[in-house]
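*Asks:* My structure is below; once you've seen it, I'll send some questions.
Nothing in this text is a laboratory measurement; each read-out follows from the coordinates by a stated rule. Predicted, not measured: the structure shown is a model, and the values here were computed from it. Using ideal geometry, Cβ is built from the backbone for each residue, glycine included, and neighbour counts are taken over all protein chains shown.
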Amino acid sequence: MTSMGKTRRMMAAGLAGAALATALAVPATATAATAATAATAGAAATAATAATTAHERTPGEWRLTQSGTDARFRGLAAVSRSVAWAAGSKGTVLRTTDGGKSWRNVSPAGAGELEFRDVEAFDARRAVVLAIGEGEASRVFRTDDGGATWTESFRNTDPRAFYDCMTFFDQRHGLAMSDPVDGRYRLLSTRDGGRSWQVLPSDGMPPAQPGEAGFAASGQCLVSAGPRDVWLATGGGATGRVLHSADRGLTWTATETTVPAGEGAKGVFGLAFRDRRHGIAVGGDYREDQPSPRAAAVTGDAGRTWTTSATPPPAYRSGVAWLPHTTSAALAVGPTGTDLTTDGGRTWRTVDSGSYDTVTCTDDGACWASGEKGRIARMTSR
């Protein structure tokens, strides 16, 4: 769910990210009265900021694009405001290079029976997609020409394996994760940008809990930050856990989170780390008729400890992303809505009721979300 090879325009993009966070934090009903109230309180500068923010509220909302398909997109990789890739059901892969004004179907030939659940994009031409499922249904494809052609670089031949997610540390090094095989999670590793893959030894992987697995719900059950750190989210076992590796998947430590598990439909579904220490976990119970208390947790020590959000999202959430160039703002999405935090994940409030499965943001001040019935949306700041 990440994108690599981005050009960091730190000053401009930082302002864009801050503007987006501020715009989201202001209710859509804000008007000039907000500024008047602030002025009455003796805060002229705050009033001016509030008036400006109210004026820029509209760009801080999801704007649906026309994907031209009813596929469900749980895989999403945004490169910039203009370029994004989406991967979903019925073997569907889409790409846009104009900010979602148009989408091109670039699905691999003959992939109609596959379920794509994750995509990692390096730029507008190079991307890697993961198909999930038992045995040979789990496959990896790579393109170097914008999806005009694809090469199958991995096909699982072990009927016990079921691959869920993948992540890249840079344009060459990446991992893909399978549910436990022989009692331990299985990791694939690539050193050539997804052109070839090797199974890593499992000696450094702690045992899985009975019934524990990853959730292929948003492409965010395996995420990385920096050149070597990677985290793996679990559910279905007695506790929802997050596993952490600081050496690209060779050795791991497991930590219990405060996100409830205990049943096959419950646990940690998505992770986002803004650096190697600060992360957010979201999840819950994906069944529509079941509540999801404590659906988010935060860490400030690379996942060694997790604290329940004081005001968590009100329902199950499968995807989460930090807003660009902020230290405290993030979005969480799920079938019943989008939630915003402006205090690093401690408190959340719902800002949209649309259904999305995953979310990602880019360095140049844009966020993208995708989900069922071909829904793909973009949110930008000025």
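*Asks:* Please list, in order along region 193-206, the HN-Hα scalar couplings obtained from phi with the Karplus expression 6.51 cos²θ - 1.76 cosθ + 1.60 (θ = phi - 60°), rounded to whole Hz, x for Gly and Pro.
*Replies:* x, x, 6, 8, 9, 9, 6, 7, x, 9, 4, x, 9, x
*Asks:* Another one. What are the residues whose amide H is under 5 Å from the amide H of Gly133, where those residues sit 5 or more places off or on another chain and H is modelled from the backbone?
*Replies:* Ser138, Tyr163
*Asks:* Quick check: residue separation of Arg184 and Glu134 times 0.36 nm, minus the Cα distance between them. What number comes out in nm?
*Replies:* Extra length from Arg184 to Glu134 when fully extended: 16.4 nm.
*Asks:* Please work out the Cα center distance from region 262-276 to region 76-143, rounded to the nearest Å.
*Replies:* Region 262-276 and region 76-143 have Cα centres spaced 22 Å from each other.
*Asks:* In addition: At a 10 Å Cβ-Cβ cut-off, how would you order Ser67, Ser89, fewest neighbours first?
*Replies:* Ascending Cβ contact count within 10 Å gives the list Ser89, Ser67.
*Asks:* Given axes a ≥ b ≥ c from the Cα gyration tensor, I'd like to know whether region 212-359 is rounded (a/c under 1.5), prolate (a/b larger than b/c) or oblate.
*Replies:* The shape class here is oblate.
*Asks:* What ³J(HN,Hα) values, in whole Hz, does the Karplus curve 6.51 cos²θ - 1.76 cosθ + 1.60 give for region 240-252 when θ = phi - 60°, with x put for Gly and Pro?
*Replies:* x, 10, 10, 9, 10, 10, 9, 9, 6, x, 7, 10, 9
*Asks:* Karplus couplings for region 122-138 from phi (6.51 cos²θ - 1.76 cosθ + 1.60, θ = phi - 60°), rounded to Hz, Gly and Pro as x?
*Replies:* 8, 6, 6, 10, 10, 7, 10, 10, 10, 9, 10, x, 6, x, 6, 5, 7
*Asks:* Starting from the Cα-Cα distance between Arg277 and Val199, subtract it from 0.36 nm times their residue separation and give me the gain in nm to one decimal.
*Replies:* Net length gain for the segment: 25.4 nm.
*Asks:* Take the Cβ-Cβ distance between Arg191 and Arg104 as r, set R0 to 30 Å, and report the resulting FRET efficiency rounded to the nearest 0.05.
*Replies:* Calculated value: 0.50.
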